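Before any comments, here is the structure.
The values are calculated or read from the model by the stated rules, or taken from the named source; none is laboratory data. This one's a predicted model, so the numbers in the text were calculated from it and none came from an experiment. Here the Cβ positions follow ideal geometry from the backbone for every residue, glycine too, while neighbour counts run over all protein chains shown.
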């Protein structure tokens, strides 16, 4: 191994199930790191396993991992009193022992907030602080779990990564992390996300009973933070004919809490004004982004807002929340709205749906904006962060 190369231990628990935003990020880091000339050795930390990079080749399209990676010590130890302490000590010994057997220098990067115990250089990504800002954004049990474990992760970290300038500010304000220890590394769309011609998208549209240019799209797990009930209310404020021509289609699996469960959602479903598509794989998502009449993302809180950039990369005109990191991510390439004001959301949608010519400039601006976010650039910034951690 040359002096320029380093060994990367990458936390990969988010690849053990369907890939959410963190899983998408981790997948891209892993894929680019395994090919980068400055990464001599890559190991993936998934559950109790320390895996070579070719483990990635066995992942299914939607991110489901092989069963063997999900089982083992966690299940057995979880039933023992004092399980968390036992497991922490076991993981520390195992990870330290593995690191000693790998070419130096070795850096551990945890992309999902809570680091596993390790005595070497550690870089910790904090994607957002939504659990701290509003306890209604997460189940109490999840928020409590984070609060118990986060102090140890912060104490262990040599450096930190934020996925937006907004999140970096939140980390300093809420967690007291000095700004000069935080590196901002924005996310990016994968190369799969690009404008897809209608002919190539038709099979996906047909399977979901949608027509090209004839639906408003939103994408995310169904949970309170994503603000789908206000989006539905805004959609209901549109003129009847416009709502008939452009139903609201939401792609995303069930999350937690109450979202789209009331009488308004039931009426909209019966009338065909609301279409719940469930989880869709990326190939379908590209088709939906490319052929929607507008993409709406009025989320109440985001650390970055990856669907905004994915939609722009596919040429969709975007309506997005002006608040938290979403406004930063969208820049001047979207119609920015107050996510708490249904009329603000409805007015933006009506602008795009009633006058399709108004969408053309947004499509051009969005494509140009998305092109500034690349995983090649992100990996370059991450490597710089890892090297700073090793030099600390």
Condition set surrounded by fewer than 20 Cβ atoms within 10 Å (Cβ to Cβ) and out of contact with any helix residue (DSSP H, G or I) (no Cβ under 6 Å at 6 or more places or on another chain), scope the range 169-180, selection nearest to residue 303 (Cα to Cα): answer is 169
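Out of the residues in the range 345-364 that are out of contact with any helix residue (DSSP H, G or I) (no Cβ under 8 Å at 6 or more places or on another chain) and not in a loop (DSSP other than H, G, I, E, B), which is farthest from residue 243 (Cα to Cα)? Explain how you work it out, then say what you get.
Step one: list which residues in the range 345-364 are out of contact with any helix residue (DSSP H, G or I) (no Cβ under 8 Å at 6 or more places or on another chain), which gives 347-348, 355-357, 360-361, 363-364.
If we keep only those that are not in a loop (DSSP other than H, G, I, E, B) too, we end up with 347-348, 356-357, 360-361, 363-364.
Working: 347: 13, 348: 14, 356: 15, 357: 18, 360: 21, 361: 23, 363: 22, 364: 25 Å.
Residue satisfying both the conditions and the ranking: 364.
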Scan of the range 301-322 for residues that are in contact with a strand residue (DSSP E or B) (Cβ under 8 Å, 6 or more places away or on another chain) and farther than 22 Å from residue 185 by Cα, ordered by number
316, 317, 318, 319
What number goes with the only condition from (1) in a loop (DSSP other than H, G, I, E, B); (2) in contact (Cβ under 8 Å) with a residue 40 or more places away in the chain; (3) surrounded by fewer than 21 Cβ atoms within 10 Å (Cβ to Cβ) that residue 136 does not pass?
(1)
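One line per residue, one yes/no per condition, for (1) over 19 Å from residue 345 (Cα atoms); (2) not assigned by TED's automatic domain parsing to the domain that holds residue 25:
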{"position": "174", "(1), (2)": "yes, no"}
{"position": "177", "(1), (2)": "yes, no"}
{"position": "180", "(1), (2)": "yes, no"}
{"position": "204", "(1), (2)": "yes, yes"}
{"position": "221", "(1), (2)": "yes, yes"}
{"position": "229", "(1), (2)": "no, yes"}
{"position": "260", "(1), (2)": "no, yes"}
{"position": "290", "(1), (2)": "yes, yes"}
Given the residues 215, 137, 160, which is the only one that is farther than 20 Å from residue 380 by Cα and modelled with pLDDT of 95 or more?
215
Based on this model, can you work out whether residue 36 counts as within 22 Å of the chain's Cα centre (by Cα), modelled with pLDDT of 95 or more and either surrounded by fewer than 19 Cβ atoms within 10 Å (Cβ to Cβ) or assigned by TED's automatic domain parsing to the domain that holds residue 382 (or both)?
no
Check 193, 166 and return the single one that is surrounded by 17 or more Cβ atoms within 10 Å (Cβ to Cβ) and part of a helix (DSSP H, G or I).
166
Looking across the range 317-343 at residues that are in contact (Cβ under 8 Å) with a residue 40 or more places away in the chain and not in a loop (DSSP other than H, G, I, E, B), the single one that is farthest from the chain's Cα centre (by Cα) is 343
Inspect all residues belonging to the range 364-378 and state whether any of them is under 30 Å from residue 222 (Cβ atoms) and free of Cβ contacts under 8 Å to residues at least 60 places away in the same chain.
yes
Pull up the range 8-39, narrow it to residues that are outside any helix (DSSP H, G or I) and out of contact with any strand residue (DSSP E or B) (no Cβ under 7 Å at 6 or more places or on another chain), then point me to the one that is farthest from residue 281 (Cα to Cα).
37
Considering only residues of the range 2-30 that are closer than 22 Å to residue 105 by Cβ and at pLDDT below 95, which is surrounded by the most Cβ atoms within 10 Å (Cβ to Cβ)?
5
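Here's the yes/no breakdown for (1) touching a strand residue (DSSP E or B) at 6+ places or on another chain (Cβ under 7 Å); (2) modelled with pLDDT under 95:
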site: 202; (1), (2): no, no
site: 221; (1), (2): no, yes
site: 234; (1), (2): no, no
site: 249; (1), (2): yes, no
Residues that are touching a residue at least 40 places away in the same chain (Cβ under 8 Å), at least 1 per element: which helices (runs of 4 or more DSSP H) completely within the range 234-304 meet that?
240-245, 282-291
Just checking, how many residues over the range 237-259 are more than 21 Å from the chain's Cα centre (by Cα) and surrounded by 19 or more Cβ atoms within 10 Å (Cβ to Cβ)?
5
